[in-house]
Amino acid sequence: MKRFTLFFGAAQLVLLASMAVATVPKLINFQGILKDGSGNPVADGSYSVTFTIYNAPAGGTNLWTETQSVSTTGGLFAVLLGASNPVPDSVFQSSDRWLGIAVSPDPEMSQRQQLVSVGYAYRVNSVDSASGGTITSKVSIGPGHTNTGAEAFVAGGNNTASGDSSTVTGGTRNTASGLLATIDGGFNNTASGFAAKVGGGYFNTASNTAATIGGGGSNTATGPGATVGGGSSNDVSGQDAVVAGGAANTASGSEAAIGGGVSNTASSEKATVGGGALNAASNSFATIGGGANNRARGQFSTVAGGGGITSTDSNSALADYSAIGGGLRNKTTGLGSSIAGGVNNIASGNPSSIGGGSANTANFDYSTVSGGFTNTANALAATVAGGSNNFAGGQFSKVGGGRFNNARGEYSVVAGGGGSSAADSNAAIGNWSSVGGGQRNIASDVAATIGGGALNSAGGAYSTVAGGTANNASAQRTTVGGGESNLANNLYATVGGGQGGTATGRWATISGGNFNVASDSASTVSGGRGDTASGAYATVPGGRGNFASGRYSLAAGRRAKAIHTGAFVWADSQNVDFASTAANQFVIRASGGVGIGTASPNSRLQVNGAFATTTSVAMANLTLDENHSVVLVDASSGAKTITLPSTEGLSGRQYTVKKVDGTANAVTITPALGAQTIDGAASYSLSSVNKYVVLVTNGSLWWVIGGN
């Protein structure tokens, strides 16, 4: 007769286990209600109950059994299975486990209770061959794994840990085949190198010693110590090289580095690309900061950025230690050369530099173009500061700016100016020559200088044109201060300004004026118009139409002609020539009179005040000339003869002759030529003391105009 039944509806199988490292208790909490054959709870008391675990719901193998004294209250009871006979780990090596119960003296009840998931947590204490809380063999968690490595660990699904001490912590279809290799998750990742690691992602491969991929997709780390931080399709084959992220980047040089971007390449030792796209750092320590299509090909070369969407937009640092700051289509081919930015610039000298701009060229050592466009520094240490179409072709030459200017001589300078075409060029061709500005100016000899203006030429060594238009200083040390169409073409000649002045004599000077000429040595024209100083040391102080052709002559006023040596000709405003007639003359044409001591002369000559004349003493016969005026004759020693000069050309010449002695000896005055009489007589006599006569010539005869 069946006296007992067990109601399982309220039963729970609970693991009494600590998750700590300590040993897990071998106990299972089991609760139920024990009823009699009529279905009523049994009387309170103690009952002998046997618990058995099978591997089948009926029949099967007895895996474990235990009998306990169970106390009930209202039929309810609770027991700890394994309290007297611990449940071994082997009981739960399969999921098909069933609990059978028998209450003495009845046989085992026909219905067994299946042990499900909560109960299987019991095995956390012992995973396969583990004991005492320590796992002593490889571990596989999840389905479909291949775990062939010694002390390997694999979790997730369908992963492979074939390297000794390798680890796959999750994901699917990952393979850790290298010794100490690790894959933290993801899909289809491979860590085949010693201590290689893939953090996650998909289709990543870390195939060399200590190679690391943080994540991303389709990345490869094939060099020793190579690292890919993430991104996609990146490849690191250089030892200890790094690609931090981005896509399709390649770091093949040892210790090369790429920060990110797309399709960048660092292919040499310690080469670096910060980011951007399609950049290539291909020599030792070469660096590209970013941009696109840039090339750093020299050792220690640098391209900070810039570039463009096609390879023709590339900035290329081709020489060792060269640098490009940015822009596009810039190129450095000289050792240590640099380009700060701009477009289509080329620095080919060692170490040349270009500050920016467009289409500039610095192609000799230490040459510089600061900016602008289409400028060329084409000699050692030549400089173009800016502007456009400028050319510095002499060693240490400089063009400050402007357009179409040329500094071709060594140490030559063109400060600026120029114009819209090559014909407007300023040119400093001579060594140490300079042009300050303007247009179409040419300084073509050593140390020649042009300050500015237009169409000026300084063609002599050390010559100078300060400015103006169409001026020419063509001989050594000549000077033109300014004006228009002036010429100084002999040594030390000077034209200060004006128009059309020509200083062709050595040391000749024209201060200014219009169409003046100083054509002999040290000749001078101070100003005026149409004046000429053609004699050596001749001077025209000004006026119009004056001509000083005699040496040391001077012509002033209007149409004064000093044509004899030492002549001094002063002409008034009459439009008629007034010329010297002999050397060393001082002639004056003053139709308003000459006043001395008066501003209002009433005669051709008016002297307000005393004036002096030459007084001579004759104690012998004497022939008079231009050096005599008043002659005092002493005839005490005998009669004396005073001979007058020929009257020709002496119209107006006047003499005063006086006898000063008390003797009876006569003083006879005779003309030089018999036909040139004195008041119609052949002679004139003074026979007593203090007698005198005043004589004057009309150019043919002598006349007495005074006496006693």
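Determine whether VAL696 is among the β-branched types (Val, Ile, Thr), part of a strand (DSSP E or B), over 20 Å from ALA635 (Cα atoms) and assigned by the TED database to the domain that holds ASP625.
Criteria met by VAL696.
Looking at SER603, SER637, SER616, can you tell me which residue is more than 28 Å from THR539 (Cα to Cα), exposed (fewer than 12 other Cβ atoms within 10 Å of the Cβ) and modelled with pLDDT of 95 or more?
So the residue among SER603, SER637, SER616 that is more than 28 Å from THR539 (Cα to Cα), exposed (fewer than 12 other Cβ atoms within 10 Å of the Cβ) and modelled with pLDDT of 95 or more is SER637.
Of all residues in segment 354-408, how many are assigned to a strand (DSSP E or B) and either of a type outside the set (Phe, Trp, Tyr) or free of Cβ contacts under 8 Å to residues at least 12 places away in the same chain (or both)?
Qualifying residue count for the region: 17.
Is there any pair with a first residue in segment 223-247 that is within 12 Å of ILE258 (Cβ to Cβ) and a second that is outside any loop (DSSP other than H, G, I, E, B) and modelled with pLDDT under 95 whose Cβ atoms are under 7 Å apart and which are 6 or more apart or on different chains, and what are they?
none
I'm checking my understanding of the structure. Among residues of segment 612-627 that are in contact with a Pro (Cβ under 9 Å, 6 or more places away or on another chain) and of a type outside the set (Val, Ile, Thr), which one is nearest to ILE669 (Cα to Cα)? Explain how you work it out, then say what you get.
We begin by selecting, within segment 612-627, every residue in contact with a Pro (Cβ under 9 Å, 6 or more places away or on another chain); these are 623-626.
Right, trim to of a type outside the set (Val, Ile, Thr) and you get 624-626.
Numbers: LEU624: 10, ASP625: 14, GLU626: 17 Å.
Ranking the candidates gives LEU624 first.
A quick yes/no check of all residues on (1) assigned by the TED database to the domain that holds GLY438; (2) modelled with pLDDT of 95 or more; (3) buried (at least 22 other Cβ atoms within 10 Å of the Cβ):
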{"residue": "GLY334", "(1), (2), (3)": "no, yes, yes"}
{"residue": "SER348", "(1), (2), (3)": "no, yes, no"}
{"residue": "SER353", "(1), (2), (3)": "no, yes, yes"}
{"residue": "SER367", "(1), (2), (3)": "yes, yes, yes"}
{"residue": "ALA381", "(1), (2), (3)": "yes, yes, no"}
{"residue": "VAL384", "(1), (2), (3)": "yes, yes, yes"}
{"residue": "ALA392", "(1), (2), (3)": "yes, yes, yes"}
{"residue": "VAL399", "(1), (2), (3)": "yes, yes, yes"}
{"residue": "GLY402", "(1), (2), (3)": "yes, yes, yes"}
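When ALA582 is evaluated against the numbered criteria (1) assigned to a strand (DSSP E or B); (2) among the small types (Gly, Ala, Ser); (3) surrounded by fewer than 20 Cβ atoms within 10 Å (Cβ to Cβ), which criterion, by number, is the only one it fails?
Exception for ALA582: condition (1).
In segment 407-430, what residues are of a type in the set (Ser, Thr, Tyr) and under 19 Å from THR464 (Cβ atoms)?
TYR411, SER412 - these are the residues of segment 407-430 that are of a type in the set (Ser, Thr, Tyr) and under 19 Å from THR464 (Cβ atoms).
What residue, of LEU650, LEU686, LEU673, is of a type outside the set (D, E, K, R) and modelled with pLDDT of 95 or more?
Of the residues listed, the single one that is of a type outside the set (D, E, K, R) and modelled with pLDDT of 95 or more is LEU686.
Residues checked against (1) hydrophobic (A, V, I, L, M, F, W, C); (2) within 20 Å of GLY276 (Cα to Cα); (3) in a loop (DSSP other than H, G, I, E, B):
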{"position": "LEU180", "(1), (2), (3)": "yes, no, yes"}
{"position": "GLY185", "(1), (2), (3)": "no, no, yes"}
{"position": "GLY193", "(1), (2), (3)": "no, no, yes"}
{"position": "ASN208", "(1), (2), (3)": "no, no, yes"}
{"position": "GLY230", "(1), (2), (3)": "no, yes, yes"}
{"position": "ASP240", "(1), (2), (3)": "no, no, yes"}
{"position": "GLU255", "(1), (2), (3)": "no, yes, yes"}
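Against the definition (touching a Ser or Thr at 6+ places or on another chain (Cβ under 7 Å), modelled with pLDDT of 95 or more and either more than 18 Å from SER534 (Cβ to Cβ) or not polar (S, T, N, Q) (or both)), how does ILE563 come out, yes or no? Don't jump to the end; show me each part of the working.
Numbers: touching a Ser or Thr at 6+ places or on another chain (Cβ under 7 Å): yes; modelled with pLDDT of 95 or more: yes; either more than 18 Å from SER534 (Cβ to Cβ) or not polar (S, T, N, Q) (or both): yes.
Yes.
Do we find a residue being closer than 22 Å to SER463 by Cβ and charged (D, E, K, R) anywhere in segment 515-524?
Quick first cut of segment 515-524, residues closer than 22 Å to SER463 by Cβ only: 515-524.
With charged (D, E, K, R) added as a condition, the list becomes 520.
Among the residues of segment 515-524, at least one is closer than 22 Å to SER463 by Cβ and charged (D, E, K, R), which makes the answer yes.
The values are calculated or read from the model by the stated rules, or taken from the named source; none is laboratory data. All of these numbers come straight from a predicted model, not from anything done at the bench. Neighbour counts run over all protein chains shown; Cβ positions are idealised from the backbone, glycine included.
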